[in-house]
Amino acid sequence: MRRVAEGVWEITVPEGIHDIEFDPDLAGMENKIIRDVEVVGGGTVEKTLSLGGSGLVRLRVLVDGKPAAGGAYLYHGGRSTNKYTTMRKVAEGVWEITVPEGIHDIEFDPDLAGMENKLIRDVEVVGGSTVEKTLDLGGSGLVRLRVLVDGKPAAGGAYLYHGGRSTNKYTTMRKVSDGVWEITVPEGIHDIEFDPDLAGLDNKLIRDVEVVGGRTVEKTLDLGGSGLVRLRVLLDGKPAAGGAYLYHGGRSTNKYTTMRKVSEGVWEITVPEGVHDIQFDPDLAGLDDQLITGIEVTSKGTVEKTLDLGGSGLLRVNFTYQGQPANASVRVYFGGRATNKYASLRRIQTGVYELRVPAGVHDIEVDPDASGVATQLIRDVEIKGDSVVEKTLSL
């Protein structure tokens, strides 16, 4: 319908019986319907709809005696209806809304880490009136955490547990500069957990941090010292491939971190001061993992270890059957067949198999694909460092 004046709408329609629906511009009020409006040709039908009364609800919220931040919501007819409208912020710490007369609830969501929403029940609104409510959230304080490692700002993540670690209710603290985190929280007693960005160092907990309204509490956490561990690994006198792992406090702890490869044959890691072990897993078939024990790391120091894996050689096996290159399964037994420690050679082409293996004396087993042909064993194949050893088997 066409609005012709304040509160007046008109429309010209064919004669008949019609319904009118009105959508009030009033938070919380449902649409109203006027049924069976009879229109006669040439006539005018006028209907009056009274929506009842409405009133203004104003909410003032304080924290530390000053205007608070957050969001305010009015539940029409009470919280249980789950029908709400967001109140309009008109000034710092002040929210308003015009609603139908009745009894409503207000919920306030404080912009303060760790504080739960507050509910004001049974706000009675009378038509033409203003209802003002004041909500005092109490006090809040600033918590500042400084963290050091090697006497310098440390990296990591800081978390404040509201009411203590046991509540499992936490907020991530905001990093304001290197090694410094802050958060504003309600007054009370809280715990802080710090997760250091340092391999092998467990999270640290500061308990019973007392926050008083309007004050700043500063805590300093010293993580101690750290040092750099560098591992160089050689094979045939050249940088080797593989994976390096540092066991914090020794292999027996089973607590390890993968070292970072910084260049060919070189791995590094920064760890807390202490005595640690390194395990290296060579990328060479038949060579066991290597363990370096008792690596002492001191604050701000660099410890460099070199691991020489010895030599390796390329083992090549040529296999022919009835004068032609033939397929087979070819294995090398490291240290001899009796060790039962083996690896399969890689097929390069029909009848040709290769694998790089550690220096030493090994056995070769060839299992031809040809039906009825027995497995063959080549014993005592000596491999020297940086060499190529070629064996030919013809059947």
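Structure notes:
- I20 being surrounded by 13 or more Cβ atoms within 10 Å (Cβ to Cβ), without any contact (Cβ under 8 Å) to a residue 60 or more places away in the chain and β-branched (V, I, T): yes
- Residue within region 257-266 that is in a loop (DSSP other than H, G, I, E, B) and either under 27 Å from the mean Cα position of the chain (by Cα) or in the same structural domain as L355 (by TED's automatic domain parsing) (or both) present: yes
- Members of region 288-326 found to be under 23 Å from L234 (Cβ atoms), polar (S, T, N, Q) and under 34 Å from the mean Cα position of the chain (by Cα), listed by number: Q290, T293, T302
- Check on G179, in contact with a Pro (Cβ under 7 Å, 6 or more places away or on another chain), buried (at least 19 other Cβ atoms within 10 Å of the Cβ), of a type outside the set (A, V, I, L, M, F, W, C) and at positive phi: no
- Qualifying residue in region 372-393 (condition: small (G, A, S) and free of Cβ contacts under 8 Å to residues at least 12 places away in the same chain): yes
- Of all the criteria given as (1) in contact with a strand residue (DSSP E or B) (Cβ under 6 Å, 6 or more places away or on another chain); (2) without any contact (Cβ under 8 Å) to a residue 60 or more places away in the chain; (3) at positive phi, the one not satisfied by G42 is (1).
- Check on Y321, out of contact with any Phe, Trp or Tyr (no Cβ under 8 Å at 6 or more places or on another chain), outside the structural domain of W267 (by TED's automatic domain parsing), surrounded by 13 or more Cβ atoms within 10 Å (Cβ to Cβ) and of a type in the set (F, W, Y): yes
- Residues in region 160-179 that are out of contact with any Leu (no Cβ under 7 Å at 6 or more places or on another chain) and under 30 Å from T298 (Cβ atoms): K175, S177, D178.
- Number of residues in region 45-58 that are touching a residue at least 40 places away in the same chain (Cβ under 8 Å) and either in a loop (DSSP other than H, G, I, E, B) or of a type outside the set (A, V, I, L, M, F, W, C) (or both) equals 6.
- Residues that are acidic (D, E) and in a loop (DSSP other than H, G, I, E, B) within region 1-39 comprise E6, E15, D23, D25, E30, listed in sequence order.
- Residues located in region 122-133, provided they are under 17 Å from W95 (Cα atoms) and either not assigned by TED's automatic domain parsing to the domain that holds L112 or not hydroxyl-bearing (S, T, Y) (or both): V123, E124, V125, V131, E132, K133
- Hey, D283 over 26 Å from the mean Cα position of the chain (by Cα), more than 21 Å from A154 (Cβ to Cβ), of a type in the set (D, E) and surrounded by fewer than 19 Cβ atoms within 10 Å (Cβ to Cβ) or not: yes
- Number of residues in region 134-168 that are surrounded by 15 or more Cβ atoms within 10 Å (Cβ to Cβ), basic (K, R) and assigned to a strand (DSSP E or B): the value is 2.
- Any hit, region 244-260, residues being closer than 23 Å to P358 by Cα and surrounded by 14 or more Cβ atoms within 10 Å (Cβ to Cβ): yes
- Matching residues in region 339-366 - criterion: being farther than 23 Å from L309 by Cβ and surrounded by 14 or more Cβ atoms within 10 Å (Cβ to Cβ): R347, G351, V352, Y353, E365, V366
- Scanning region 139-198 for residues that are more than 13 Å from E218 (Cα to Cα), in contact (Cβ under 8 Å) with a residue 60 or more places away in the chain and in contact with an Asp or Glu (Cβ under 7 Å, 6 or more places away or on another chain) yields G139, S140, L148.
- Residues in region 191-233 that are assigned to a loop (DSSP other than H, G, I, E, B) and more than 18 Å from T298 (Cβ to Cβ): D197, D202, N203, V212, G213, G214, R215.
- Remark: pairs (first residue in region 233-251, closer than 11 Å to L307 by Cα and not assigned by TED's automatic domain parsing to the domain that holds G385; second residue at pLDDT below 95 and charged (D, E, K, R); Cβ separation under 8 Å; 6+ apart in sequence or on different chains) = G237/D386.
- Residue within region 66-75 that is hydroxyl-bearing (S, T, Y), in contact with a strand residue (DSSP E or B) (Cβ under 6 Å, 6 or more places away or on another chain), under 30 Å from V185 (Cα atoms) and outside any loop (DSSP other than H, G, I, E, B) present: yes
The values are calculated or read from the model by the stated rules, or taken from the named source; none is laboratory data. Remember, it's a predicted structure, so these values are computed and weren't measured experimentally. Neighbour counts are summed over all protein chains in view; Cβ atoms, including those assigned to glycine, are modelled from backbone coordinates with ideal geometry.
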